[in-house]
Amino acid sequence: MTQLSLTPRPVSALEIGPLRVWSPVLLAPMAGVTDAPFRRLCREFGEQGLPEFLRPASSSQDSHSQGGTCVPVPGVDAPAGLYVMEMVTSRALVEGNARTWEMVRPDPAERVRSVQLYGVNPATMAKATQLLIERDLVDHLDLNFGCPVPKVTRKGGGAALPWKKDLFEDLVHAVVDAANRAGSRAGRDVPVTVKMRVGIDEEHVTFLEAARIAQRRGVAAIALHARTQVQHYSGQAHWEQIARLKEAVSLPVFGNGDVFSGKDAARMMAQTGCDAVVIGRGCQGRPWLFADIVSTLMGGPEFQDPGLAQIVTIIERHARWIVADQGDEARAMREMRKHIGWYLRGFAVGGATRHALSMVSSMEELHEQLMGLDLDQSFPKAAEGPRGRAGGQKLPHLPQGWLASPFLTEAERSQLHLAEDGADGG
(Lines give C-alpha, C1' and ligand atoms only; values in the text may rest on other atoms or scores of the structure.)
Protein backbone atom coordinates (compact mmCIF):
# COMPACT_ATOMS: atom_id res chain seq x y z
CA MET A 1 0.00 0.00 0.00
CA THR A 2 1.22 3.49 -0.82
CA GLN A 3 0.54 6.37 1.54
CA LEU A 4 0.24 9.89 0.14
CA SER A 5 1.34 13.25 1.44
CA LEU A 6 -1.21 15.58 -0.05
CA THR A 7 -0.83 19.22 -1.00
CA PRO A 8 -3.89 21.19 0.18
CA ARG A 9 -6.37 21.62 -2.69
CA PRO A 10 -10.14 22.21 -2.93
CA VAL A 11 -10.59 18.44 -3.29
CA SER A 12 -11.85 16.18 -0.52
CA ALA A 13 -11.68 12.43 -0.13
CA LEU A 14 -14.63 10.12 0.38
CA GLU A 15 -13.97 8.46 3.73
CA ILE A 16 -14.86 4.80 4.13
CA GLY A 17 -13.58 3.95 7.58
CA PRO A 18 -9.83 4.67 7.39
CA LEU A 19 -9.85 4.62 3.60
CA ARG A 20 -9.56 7.96 1.82
CA VAL A 21 -10.95 7.53 -1.68
CA TRP A 22 -9.84 10.60 -3.64
CA SER A 23 -11.53 9.66 -6.92
CA PRO A 24 -15.17 8.55 -6.58
CA VAL A 25 -14.87 5.42 -8.71
CA LEU A 26 -14.75 1.66 -8.06
CA LEU A 27 -13.93 -1.30 -10.27
CA ALA A 28 -16.61 -3.94 -9.74
CA PRO A 29 -15.57 -7.58 -9.28
CA MET A 30 -16.14 -9.60 -12.45
CA ALA A 31 -15.64 -13.36 -12.65
CA GLY A 32 -12.57 -14.27 -14.67
CA VAL A 33 -11.83 -10.59 -15.39
CA THR A 34 -10.71 -8.63 -12.34
CA ASP A 35 -7.54 -10.57 -11.57
CA ALA A 36 -4.41 -8.78 -10.36
CA PRO A 37 -3.05 -7.78 -13.82
CA PHE A 38 -6.36 -6.30 -14.96
CA ARG A 39 -6.88 -4.45 -11.67
CA ARG A 40 -3.41 -2.96 -11.96
CA LEU A 41 -4.03 -1.89 -15.54
CA CYS A 42 -7.31 -0.19 -14.62
CA ARG A 43 -5.79 1.51 -11.58
CA GLU A 44 -2.81 2.84 -13.50
CA PHE A 45 -5.10 4.33 -16.12
CA GLY A 46 -7.16 5.83 -13.32
CA GLU A 47 -4.03 7.43 -11.91
CA GLN A 48 -3.30 8.98 -15.30
CA GLY A 49 -6.57 10.89 -14.95
CA LEU A 50 -5.62 12.40 -11.58
CA PRO A 51 -4.59 16.02 -11.15
CA GLU A 52 -0.84 16.35 -10.73
CA PHE A 53 -0.94 17.00 -6.97
CA LEU A 54 -2.76 13.68 -6.34
CA ARG A 55 -0.85 11.55 -8.82
CA PRO A 56 1.62 9.07 -7.25
CA ALA A 57 5.25 9.91 -7.99
CA SER A 58 5.52 6.98 -10.39
CA SER A 59 3.41 4.10 -11.69
CA SER A 60 4.46 0.50 -11.94
CA GLN A 61 4.07 0.32 -15.74
CA ASP A 62 5.97 -2.92 -16.54
CA SER A 63 7.21 -3.48 -12.98
CA HIS A 64 5.58 -4.57 -9.75
CA SER A 65 6.94 -1.59 -7.81
CA GLN A 66 4.82 0.25 -5.30
CA GLY A 67 5.11 3.55 -7.13
CA GLY A 68 5.60 6.88 -5.34
CA THR A 69 7.75 7.60 -2.31
CA CYS A 70 5.28 9.76 -0.42
CA VAL A 71 5.51 10.60 3.27
CA PRO A 72 3.24 8.22 5.26
CA VAL A 73 0.15 9.77 6.79
CA PRO A 74 -2.54 8.14 8.95
CA GLY A 75 -5.11 6.10 7.07
CA VAL A 76 -4.94 4.40 3.68
CA ASP A 77 -5.19 6.44 0.50
CA ALA A 78 -6.88 5.34 -2.70
CA PRO A 79 -5.94 8.18 -5.07
CA ALA A 80 -7.68 6.77 -8.17
CA GLY A 81 -10.50 4.88 -6.45
CA LEU A 82 -10.99 1.27 -5.31
CA TYR A 83 -10.27 -1.79 -7.47
CA VAL A 84 -11.99 -4.86 -6.08
CA MET A 85 -10.83 -8.47 -6.52
CA GLU A 86 -12.96 -11.25 -7.97
CA MET A 87 -15.67 -12.56 -5.67
CA VAL A 88 -14.64 -15.52 -3.50
CA THR A 89 -16.72 -17.78 -1.28
CA SER A 90 -16.32 -17.76 2.47
CA ARG A 91 -16.62 -21.52 2.73
CA ALA A 92 -13.76 -22.11 0.27
CA LEU A 93 -11.52 -19.81 2.31
CA VAL A 94 -12.42 -21.49 5.61
CA GLU A 95 -11.85 -24.94 4.11
CA GLY A 96 -8.42 -23.85 2.86
CA ASN A 97 -9.11 -24.17 -0.86
CA ALA A 98 -5.78 -23.35 -2.52
CA ARG A 99 -7.29 -21.85 -5.68
CA THR A 100 -9.51 -19.52 -3.65
CA TRP A 101 -6.66 -18.33 -1.47
CA GLU A 102 -4.67 -17.71 -4.65
CA MET A 103 -7.50 -15.48 -5.88
CA VAL A 104 -7.15 -13.16 -2.87
CA ARG A 105 -3.37 -12.86 -3.24
CA PRO A 106 -2.78 -9.11 -3.62
CA ASP A 107 -0.93 -7.57 -6.51
CA PRO A 108 2.38 -6.25 -5.08
CA ALA A 109 1.46 -2.86 -6.57
CA GLU A 110 -2.01 -2.82 -4.94
CA ARG A 111 -2.67 0.42 -3.07
CA VAL A 112 -5.80 -0.79 -1.26
CA ARG A 113 -6.60 -4.48 -1.03
CA SER A 114 -10.34 -4.80 -1.62
CA VAL A 115 -11.84 -8.30 -1.41
CA GLN A 116 -15.43 -9.24 -2.26
CA LEU A 117 -16.76 -12.06 -0.12
CA TYR A 118 -19.79 -14.24 -0.78
CA GLY A 119 -21.55 -16.67 1.51
CA VAL A 120 -24.80 -17.73 3.16
CA ASN A 121 -23.68 -18.99 6.56
CA PRO A 122 -23.05 -16.22 9.12
CA ALA A 123 -20.53 -18.26 11.12
CA THR A 124 -18.57 -19.21 8.00
CA MET A 125 -18.63 -15.62 6.73
CA ALA A 126 -17.34 -14.42 10.09
CA LYS A 127 -14.53 -16.99 10.10
CA ALA A 128 -13.46 -16.07 6.56
CA THR A 129 -13.40 -12.41 7.55
CA GLN A 130 -11.24 -13.22 10.56
CA LEU A 131 -8.78 -15.23 8.44
CA LEU A 132 -8.42 -12.51 5.80
CA ILE A 133 -7.64 -9.90 8.44
CA GLU A 134 -5.34 -12.13 10.49
CA ARG A 135 -3.33 -12.96 7.36
CA ASP A 136 -3.12 -9.25 6.50
CA LEU A 137 -4.73 -9.70 3.07
CA VAL A 138 -7.50 -7.10 3.15
CA ASP A 139 -8.00 -3.38 3.74
CA HIS A 140 -11.64 -3.28 2.62
CA LEU A 141 -14.21 -6.05 2.57
CA ASP A 142 -17.24 -5.98 0.26
CA LEU A 143 -20.19 -8.38 0.58
CA ASN A 144 -21.92 -9.64 -2.55
CA PHE A 145 -25.71 -9.57 -2.51
CA GLY A 146 -26.08 -8.72 -6.18
CA CYS A 147 -25.01 -11.75 -8.21
CA PRO A 148 -27.89 -12.73 -10.58
CA VAL A 149 -26.27 -15.95 -11.89
CA PRO A 150 -28.76 -18.86 -11.69
CA LYS A 151 -26.26 -21.29 -10.11
CA VAL A 152 -26.12 -18.88 -7.14
CA THR A 153 -29.69 -17.55 -6.91
CA ARG A 154 -31.43 -20.90 -7.38
CA LYS A 155 -29.89 -21.88 -4.05
CA GLY A 156 -30.87 -18.65 -2.29
CA GLY A 157 -27.63 -16.74 -2.64
CA GLY A 158 -26.59 -13.52 -4.37
CA ALA A 159 -29.40 -11.22 -5.48
CA ALA A 160 -32.00 -13.61 -4.04
CA LEU A 161 -30.69 -13.40 -0.49
CA PRO A 162 -31.85 -9.94 0.72
CA TRP A 163 -35.45 -11.12 0.31
CA LYS A 164 -34.86 -13.13 3.50
CA LYS A 165 -34.51 -10.27 5.96
CA ASP A 166 -33.38 -12.37 8.90
CA LEU A 167 -30.62 -14.11 6.96
CA PHE A 168 -29.41 -10.85 5.42
CA GLU A 169 -29.20 -9.17 8.82
CA ASP A 170 -27.46 -12.15 10.42
CA LEU A 171 -24.83 -12.23 7.66
CA VAL A 172 -24.07 -8.52 7.72
CA HIS A 173 -23.95 -8.44 11.52
CA ALA A 174 -21.62 -11.47 11.66
CA VAL A 175 -19.14 -10.02 9.17
CA VAL A 176 -19.06 -6.51 10.63
CA ASP A 177 -18.64 -7.90 14.13
CA ALA A 178 -15.85 -10.26 13.00
CA ALA A 179 -14.10 -7.43 11.14
CA ASN A 180 -14.27 -5.23 14.24
CA ARG A 181 -12.92 -7.92 16.54
CA ALA A 182 -10.17 -9.17 14.21
CA GLY A 183 -9.27 -5.63 13.21
CA SER A 184 -8.99 -4.58 16.84
CA ARG A 185 -6.57 -7.43 17.52
CA ALA A 186 -4.57 -6.53 14.41
CA GLY A 187 -4.53 -2.84 15.30
CA ARG A 188 -6.38 -1.63 12.20
CA ASP A 189 -9.86 -0.88 10.94
CA VAL A 190 -11.21 -2.91 7.99
CA PRO A 191 -14.45 -1.33 6.72
CA VAL A 192 -17.24 -3.53 5.38
CA THR A 193 -19.43 -2.48 2.44
CA VAL A 194 -22.28 -4.27 0.69
CA LYS A 195 -23.33 -4.48 -2.94
CA MET A 196 -26.92 -5.30 -3.84
CA ARG A 197 -29.54 -5.04 -6.56
CA VAL A 198 -32.93 -3.33 -6.50
CA GLY A 199 -34.62 -6.63 -5.76
CA ILE A 200 -35.66 -9.90 -7.35
CA ASP A 201 -38.26 -8.30 -9.62
CA GLU A 202 -40.60 -5.31 -9.54
CA GLU A 203 -42.94 -7.11 -7.12
CA HIS A 204 -40.13 -8.08 -4.74
CA VAL A 205 -38.05 -4.95 -4.19
CA THR A 206 -35.58 -5.32 -1.33
CA PHE A 207 -32.91 -2.62 -1.54
CA LEU A 208 -34.32 0.05 0.78
CA GLU A 209 -35.05 -2.22 3.72
CA ALA A 210 -31.80 -4.14 3.20
CA ALA A 211 -29.88 -0.85 3.15
CA ARG A 212 -31.44 0.27 6.42
CA ILE A 213 -30.55 -3.08 8.00
CA ALA A 214 -26.98 -2.80 6.69
CA GLN A 215 -26.63 0.73 8.05
CA ARG A 216 -27.96 -0.32 11.44
CA ARG A 217 -25.49 -3.21 11.55
CA GLY A 218 -22.48 -0.99 10.89
CA VAL A 219 -21.51 -1.20 7.23
CA ALA A 220 -19.44 1.71 5.89
CA ALA A 221 -21.09 2.16 2.47
CA ILE A 222 -23.65 0.62 0.12
CA ALA A 223 -23.39 -0.02 -3.62
CA LEU A 224 -26.55 -0.43 -5.70
CA HIS A 225 -26.70 -1.97 -9.15
CA ALA A 226 -29.88 -0.27 -10.30
CA ARG A 227 -31.40 -3.38 -11.87
CA THR A 228 -33.38 -6.31 -10.51
CA GLN A 229 -32.26 -9.92 -10.57
CA VAL A 230 -34.73 -10.55 -13.39
CA GLN A 231 -33.16 -7.82 -15.52
CA HIS A 232 -29.66 -9.28 -15.25
CA TYR A 233 -27.84 -6.73 -17.47
CA SER A 234 -30.68 -6.00 -19.89
CA GLY A 235 -32.56 -2.77 -20.52
CA GLN A 236 -31.70 0.43 -18.73
CA ALA A 237 -30.50 0.75 -15.17
CA HIS A 238 -33.02 2.62 -13.01
CA TRP A 239 -30.85 5.42 -11.68
CA GLU A 240 -33.82 6.90 -9.82
CA GLN A 241 -33.51 3.99 -7.39
CA ILE A 242 -29.96 5.08 -6.56
CA ALA A 243 -31.36 8.52 -5.73
CA ARG A 244 -33.99 6.90 -3.48
CA LEU A 245 -31.29 4.95 -1.69
CA LYS A 246 -29.22 8.09 -1.19
CA GLU A 247 -32.23 9.76 0.46
CA ALA A 248 -32.94 6.73 2.67
CA VAL A 249 -29.55 6.28 4.35
CA SER A 250 -26.81 8.49 5.75
CA LEU A 251 -24.01 6.24 4.47
CA PRO A 252 -22.00 6.81 1.28
CA VAL A 253 -23.87 5.33 -1.70
CA PHE A 254 -22.17 3.95 -4.81
CA GLY A 255 -24.16 3.85 -8.07
CA ASN A 256 -23.76 1.00 -10.56
CA GLY A 257 -25.27 0.47 -13.99
CA ASP A 258 -24.86 1.92 -17.50
CA VAL A 259 -21.73 3.98 -16.94
CA PHE A 260 -19.65 3.71 -20.11
CA SER A 261 -17.84 7.05 -20.18
CA GLY A 262 -16.69 9.90 -17.99
CA LYS A 263 -19.74 11.86 -19.05
CA ASP A 264 -22.00 8.98 -17.97
CA ALA A 265 -20.30 8.93 -14.56
CA ALA A 266 -20.74 12.68 -14.09
CA ARG A 267 -24.37 12.44 -15.18
CA MET A 268 -25.10 9.59 -12.74
CA MET A 269 -23.61 11.53 -9.84
CA ALA A 270 -25.49 14.70 -10.76
CA GLN A 271 -28.83 12.92 -11.21
CA THR A 272 -28.69 10.62 -8.19
CA GLY A 273 -26.48 12.40 -5.67
CA CYS A 274 -24.46 9.21 -5.25
CA ASP A 275 -21.00 9.45 -3.72
CA ALA A 276 -19.14 7.28 -6.25
CA VAL A 277 -19.73 5.23 -9.39
CA VAL A 278 -19.08 1.51 -9.83
CA ILE A 279 -17.74 0.28 -13.18
CA GLY A 280 -18.28 -3.25 -14.46
CA ARG A 281 -18.83 -4.27 -18.08
CA GLY A 282 -17.90 -0.83 -19.39
CA CYS A 283 -14.19 -1.43 -18.85
CA GLN A 284 -13.99 -4.80 -20.58
CA GLY A 285 -11.45 -4.17 -23.32
CA ARG A 286 -11.31 -0.51 -22.22
CA PRO A 287 -9.26 -0.26 -19.01
CA TRP A 288 -8.48 3.33 -20.01
CA LEU A 289 -12.12 4.10 -19.17
CA PHE A 290 -10.83 4.82 -15.67
CA ALA A 291 -8.61 7.62 -17.00
CA ASP A 292 -11.67 9.13 -18.68
CA ILE A 293 -13.85 8.84 -15.58
CA VAL A 294 -11.26 10.04 -13.07
CA SER A 295 -10.25 12.99 -15.27
CA THR A 296 -13.89 13.96 -15.84
CA LEU A 297 -14.89 13.72 -12.18
CA MET A 298 -11.75 15.54 -11.02
CA GLY A 299 -12.21 18.42 -13.49
CA GLY A 300 -9.34 17.39 -15.75
CA PRO A 301 -8.95 17.49 -19.53
CA GLU A 302 -11.28 15.63 -21.86
CA PHE A 303 -10.10 12.11 -22.56
CA GLN A 304 -9.83 10.55 -26.03
CA ASP A 305 -10.01 6.81 -26.62
CA PRO A 306 -6.71 5.49 -28.01
CA GLY A 307 -6.15 4.31 -31.56
CA LEU A 308 -5.29 0.74 -32.47
CA ALA A 309 -1.50 1.22 -32.32
CA GLN A 310 -1.73 2.31 -28.68
CA ILE A 311 -4.25 -0.41 -27.87
CA VAL A 312 -1.89 -3.05 -29.25
CA THR A 313 0.77 -1.78 -26.84
CA ILE A 314 -1.74 -2.06 -24.00
CA ILE A 315 -2.69 -5.61 -25.04
CA GLU A 316 0.93 -6.74 -24.99
CA ARG A 317 1.59 -5.12 -21.62
CA HIS A 318 -1.53 -6.76 -20.21
CA ALA A 319 -0.42 -10.13 -21.60
CA ARG A 320 3.08 -9.80 -20.11
CA TRP A 321 1.57 -9.08 -16.71
CA ILE A 322 -0.68 -12.15 -16.90
CA VAL A 323 2.31 -14.34 -17.83
CA ALA A 324 4.30 -12.93 -14.90
CA ASP A 325 1.35 -13.35 -12.54
CA GLN A 326 0.54 -16.94 -13.50
CA GLY A 327 4.03 -18.19 -14.35
CA ASP A 328 2.63 -20.23 -17.24
CA GLU A 329 2.66 -18.64 -20.70
CA ALA A 330 0.21 -21.06 -22.35
CA ARG A 331 -2.30 -20.72 -19.49
CA ALA A 332 -1.88 -16.95 -19.52
CA MET A 333 -2.59 -16.80 -23.26
CA ARG A 334 -5.78 -18.80 -22.77
CA GLU A 335 -6.81 -16.28 -20.14
CA MET A 336 -5.88 -13.40 -22.45
CA ARG A 337 -7.98 -14.51 -25.41
CA LYS A 338 -11.27 -13.08 -24.14
CA HIS A 339 -9.58 -9.76 -23.41
CA ILE A 340 -8.19 -9.59 -26.95
CA GLY A 341 -11.71 -9.94 -28.37
CA TRP A 342 -12.91 -7.09 -26.16
CA TYR A 343 -9.93 -4.87 -26.99
CA LEU A 344 -10.47 -5.25 -30.75
CA ARG A 345 -14.23 -4.71 -30.72
CA GLY A 346 -15.31 -2.51 -33.62
CA PHE A 347 -11.93 -2.42 -35.37
CA ALA A 348 -11.46 -3.64 -38.93
CA VAL A 349 -9.89 -7.04 -38.28
CA GLY A 350 -10.35 -9.86 -40.77
CA GLY A 351 -12.16 -13.02 -39.73
CA ALA A 352 -9.09 -15.19 -40.18
CA THR A 353 -7.01 -12.87 -38.01
CA ARG A 354 -9.68 -12.72 -35.31
CA HIS A 355 -9.76 -16.51 -35.25
CA ALA A 356 -5.97 -16.71 -35.04
CA LEU A 357 -5.95 -14.23 -32.17
CA SER A 358 -8.61 -16.26 -30.38
CA MET A 359 -6.22 -19.23 -30.47
CA VAL A 360 -2.89 -17.62 -29.52
CA SER A 361 -0.72 -19.73 -27.22
CA SER A 362 2.47 -17.67 -26.83
CA MET A 363 3.63 -14.07 -26.52
CA GLU A 364 5.53 -14.42 -29.78
CA GLU A 365 2.43 -15.60 -31.62
CA LEU A 366 0.38 -12.78 -30.09
CA HIS A 367 2.94 -10.19 -31.19
CA GLU A 368 3.08 -11.53 -34.75
CA GLN A 369 -0.70 -11.47 -35.15
CA LEU A 370 -1.02 -7.96 -33.69
CA MET A 371 1.72 -6.58 -35.92
CA GLY A 372 -0.27 -7.77 -38.93
CA LEU A 373 -3.17 -5.41 -38.12
CA ASP A 374 -3.74 -2.02 -39.70
CA LEU A 375 -2.41 -0.04 -36.74
CA ASP A 376 -3.38 3.36 -38.18
CA GLN A 377 -7.04 2.88 -37.24
CA SER A 378 -8.56 5.35 -34.80
CA PHE A 379 -10.97 4.23 -32.08
CA PRO A 380 -14.21 3.17 -33.83
CA LYS A 381 -17.61 4.61 -33.03
CA ALA A 382 -18.95 1.05 -32.91
CA ALA A 383 -16.80 0.35 -29.84
CA GLU A 384 -18.30 3.16 -27.77
CA GLY A 385 -21.19 2.77 -25.34
CA PRO A 386 -22.48 -0.46 -23.74
CA ARG A 387 -20.22 -3.49 -23.63
CA GLY A 388 -20.62 -7.10 -22.61
CA ARG A 389 -23.62 -9.31 -23.25
CA ALA A 390 -26.71 -7.47 -22.08
CA GLY A 391 -29.15 -10.21 -23.11
CA GLY A 392 -32.78 -9.98 -22.07
CA GLN A 393 -34.78 -10.38 -18.91
CA LYS A 394 -34.64 -13.85 -17.37
CA LEU A 395 -37.05 -15.75 -15.19
CA PRO A 396 -35.75 -15.72 -11.60
CA HIS A 397 -34.08 -18.97 -10.57
CA LEU A 398 -34.96 -19.38 -6.88
CA PRO A 399 -35.39 -22.20 -4.36
CA GLN A 400 -38.87 -23.65 -4.40
CA GLY A 401 -41.22 -21.51 -2.31
CA TRP A 402 -38.55 -18.85 -1.71
CA LEU A 403 -40.94 -15.94 -2.25
CA ALA A 404 -43.64 -17.30 0.06
CA SER A 405 -42.14 -15.51 3.07
CA PRO A 406 -39.47 -12.85 3.62
CA PHE A 407 -38.12 -14.97 6.49
CA LEU A 408 -36.31 -18.30 6.34
CA THR A 409 -38.08 -21.54 7.08
CA GLU A 410 -36.12 -24.29 8.82
CA ALA A 411 -36.16 -26.33 5.60
CA GLU A 412 -34.67 -23.44 3.65
CA ARG A 413 -32.02 -22.84 6.28
CA SER A 414 -30.98 -26.49 6.13
CA GLN A 415 -30.35 -26.21 2.38
CA LEU A 416 -28.47 -22.91 2.32
CA HIS A 417 -25.02 -24.50 2.44
CA LEU A 418 -25.62 -25.67 -1.13
CA ALA A 419 -25.60 -22.06 -2.33
CA GLU A 420 -21.82 -21.88 -1.97
CA ASP A 421 -21.07 -24.92 -4.11
CA GLY A 422 -19.07 -23.77 -7.15
CA ALA A 423 -19.87 -20.11 -6.57
CA ASP A 424 -16.35 -18.61 -6.75
CA GLY A 425 -16.28 -15.84 -9.31
CA GLY A 426 -20.02 -16.21 -9.98
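The values are calculated or read from the model by the stated rules, or taken from the named source; none is laboratory data. As the structure is a computational prediction, the values presented were derived from the model and not from experiment. Note that each Cβ is placed from the backbone with ideal geometry, even for glycine, and that neighbours are counted across all protein chains shown.
Inside segment 162-194, can you point out the residues that are within 12 Å of Ala214 (Cβ to Cβ) and touching a strand residue (DSSP E or B) at 6+ places or on another chain (Cβ under 8 Å)? Within segment 162-194, Pro162, Phe168, Leu171, Val172, Val175, Val176, Val192, Thr193, Val194 qualify.
Go through segment 258-274 and give me each residue that's among the acidic types (Asp, Glu) and in contact (Cβ under 8 Å) with a residue 60 or more places away in the chain. First the steps, then the outcome.
Applying the first criterion (among the acidic types (Asp, Glu)) to segment 258-274 yields 258, 264.
Matches in segment 258-274: Asp258 only.
Of the residues contained in segment 316-334, none is found to be crowded, with 23+ Cβ neighbours inside 10 Å, under 24 Å from Arg55 (Cβ atoms) and not aromatic (Phe, Trp, Tyr).
Each row is one residue, and each column tells you yes or no for (1) crowded, with 24+ Cβ neighbours inside 10 Å; (2) modelled with pLDDT of 90 or more; (3) within 29 Å of Ile200 (Cβ to Cβ); (4) touching a Pro at 6+ places or on another chain (Cβ under 9 Å).
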| site | (1), (2), (3), (4) |
| --- | --- |
| Ser58 | no, no, no, no |
| Gly81 | yes, yes, no, yes |
| Leu93 | yes, yes, yes, no |
| Pro108 | no, no, no, no |
| Lys127 | no, yes, yes, no |
| Asp136 | no, yes, no, no |
| Leu141 | yes, yes, yes, yes |
| Gly158 | yes, yes, yes, yes |
| Leu171 | yes, yes, yes, yes |
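Of all residues in segment 317-329, none are in the same structural domain as Val198 (by TED's automatic domain parsing), among the aromatic types (Phe, Trp, Tyr) and at negative phi.
Could you tell me whether any residue of segment 207-214 is touching a residue at least 24 places away in the same chain (Cβ under 8 Å) and part of a loop (DSSP other than H, G, I, E, B)? It would help to see each step written out before you state the result.
Our first condition is that a residue be touching a residue at least 24 places away in the same chain (Cβ under 8 Å); within segment 207-214, this holds for 207-214.
With part of a loop (DSSP other than H, G, I, E, B) added as a condition, the list becomes none.
No, every residue in segment 207-214 fails to be touching a residue at least 24 places away in the same chain (Cβ under 8 Å) and part of a loop (DSSP other than H, G, I, E, B).
In segment 242-256, the residue that is nearest to Asp142 (Cα to Cα) out of those that are surrounded by 23 or more Cβ atoms within 10 Å (Cβ to Cβ) and out of contact with any helix residue (DSSP H, G or I) (no Cβ under 7 Å at 6 or more places or on another chain) is Phe254.
Selection over segment 390-404 of residues that are surrounded by 13 or more Cβ atoms within 10 Å (Cβ to Cβ) and either at pLDDT 95 or above or closer than 13 Å to His204 by Cα (or both) gives a count of 4.
Taking segment 329-366 only, how many residues are assigned to a helix (DSSP H, G or I) and either within 22 Å of Asp35 (Cα to Cα) or in contact with a strand residue (DSSP E or B) (Cβ under 9 Å, 6 or more places away or on another chain) (or both)? First the steps, then the outcome.
Initially, segment 329-366 is screened for residues assigned to a helix (DSSP H, G or I), giving 329-343, 351-357, 363-366.
Checking the rest, the ones that are also either within 22 Å of Asp35 (Cα to Cα) or in contact with a strand residue (DSSP E or B) (Cβ under 9 Å, 6 or more places away or on another chain) (or both) come to 329-343, 357, 363, 366.
Of the residues in segment 329-366, 18 are assigned to a helix (DSSP H, G or I) and either within 22 Å of Asp35 (Cα to Cα) or in contact with a strand residue (DSSP E or B) (Cβ under 9 Å, 6 or more places away or on another chain) (or both).
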